[in-house]
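Structure first, then comments.
The values are calculated or read from the model by the stated rules, or taken from the named source; none is laboratory data. What you see is a predicted model; the values in this text were computed from it and never measured. Cβ placement follows ideal geometry from the backbone for every residue including glycine, while neighbour counts extend to all protein chains displayed.
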Amino acid sequence: MADVVASPVPKPWMPTVHVATLVIAISAIALINIGGAASGTRLVEGAIVVKLIPIGLFLIAGASALHSSNFVESEHLSSAGIGRALILAVGSLTGMEVALNMSGEVTHPAHAVPRALAMSLIPVTFLYITIQIIGQGVLGPTLAHSRTPLADAMAAIHPALRWLILAGSAVSMFGCVGSDLMSTPRVLFALARDGMMLRALGQVNTRTHAPHIAIVSYAGLVLLLAVTGGFAELYVLSTLSGAVIYILGSLAAWQLARRDVALTGSPLKFKYLNTATVISTVSMLGMIALGSRAEILGVVGLIAASALVYIVLSRLRKAV
């Protein structure tokens, strides 16, 4: 069994193959999204359907191979370990802002987006909890040291299931990058349109009306980060950076509601908005504090760099 679950020994040519694979995959996703929001949406929807198949098999096969002894925790949990686990857990539930990035192209976004968030976050949360329970029940203490926990859990049942899970993971990441390349470039486009970033990013394709310059630029940035950074480090940095966005979003919603501001329809009326704003802001600040010194400095550096770019472009815009 050790031969099945062990990671393959790296070969000299493997880094080159990995980089080439990343270039091909990200370029293909970028081209699909340049084809328009509809084609990008179909890519994400297709990836979701495909990746649900191995997840379903994982749940069925794993549920039949649970061992009660694997749920006994023999190791002492450190505060640092709990904090790291909390960041990773919250990170798995982030991404709700992606729907808001596309809300300008959604019919009745004020009603559709909140409903879609509720319909997706609740079942996804239960799905993650179920996957964690099955992984723990199959692998036990070795789960904490596994680099591919779902694949290793399935390998403990049958070797063929390992490769099925790995294939599903590849499709899942393909869809995740596709969703990101569909949404984030539209934020760059909006910022450029409002004069807060380079004007070139505000251009759209004459045929598909997609922000092609922003898509290509962001795809290049994604590729650079994927080649130079590790998954865990980038994942944590992304989660902590997202926490800053959630804080700003909460404060903005609170301020706009206080001023009765609404572009369309009636302003936000939520009885517990003040309480929700305090809870969301304090909780996100607390999660950022759980990061390492280097990670916190990275987030601060990102905020400082973003502020510098905004100040420089604002002054250039006023000069013009």
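Is it the case that some residue within the range 242-258 is farther than 20 Å from Glu97 by Cα and loosely packed, with under 15 Cβ neighbours inside 10 Å? Looking through the range 242-258, at least one residue is farther than 20 Å from Glu97 by Cα and loosely packed, with under 15 Cβ neighbours inside 10 Å.
At pLDDT below 85, touching a Leu at 6+ places or on another chain (Cβ under 8 Å), of a type in the set (A, V, I, L, M) and closer than 30 Å to His145 by Cα, is that true of Leu223? Criteria not met by Leu223.
Assess whether Thr277 counts as being at pLDDT 90 or above and more than 23 Å from Ser238 (Cβ to Cβ). When the stated conditions are applied, Thr277 passes them.
One residue is enough: does the range 157-166 have a residue meeting the conditions of a type outside the set (Ser, Thr, Tyr), under 19 Å from the mean Cα position of the chain (by Cα) and crowded, with 20+ Cβ neighbours inside 10 Å? The answer is no; no qualifying residue exists. In the range 209-292, counting only helices (runs of 4 or more DSSP H) that sit wholly within it, the ones holding 1 or more residues that are among the aromatic types (Phe, Trp, Tyr), in contact with a helix residue (DSSP H, G or I) (Cβ under 8 Å, 6 or more places away or on another chain) and under 30 Å from Gly35 (Cβ atoms) span 212-228, 231-258. Met197 falls short on exactly one of the conditions (1) at pLDDT 85 or above; (2) buried (at least 16 other Cβ atoms within 10 Å of the Cβ); (3) not small (Gly, Ala, Ser), and that condition is (1). For the range 1-69, the helices (runs of 4 or more DSSP H) that sit wholly inside it and include 2 or more residues that are modelled with pLDDT under 85 and closer than 18 Å to Ala155 by Cβ are 2-5. Kindly evaluate Ile165 against the criterion of being in contact (Cβ under 8 Å) with a residue 40 or more places away in the chain and under 17 Å from Phe71 (Cβ atoms). So Ile165 does not fit the description; no.
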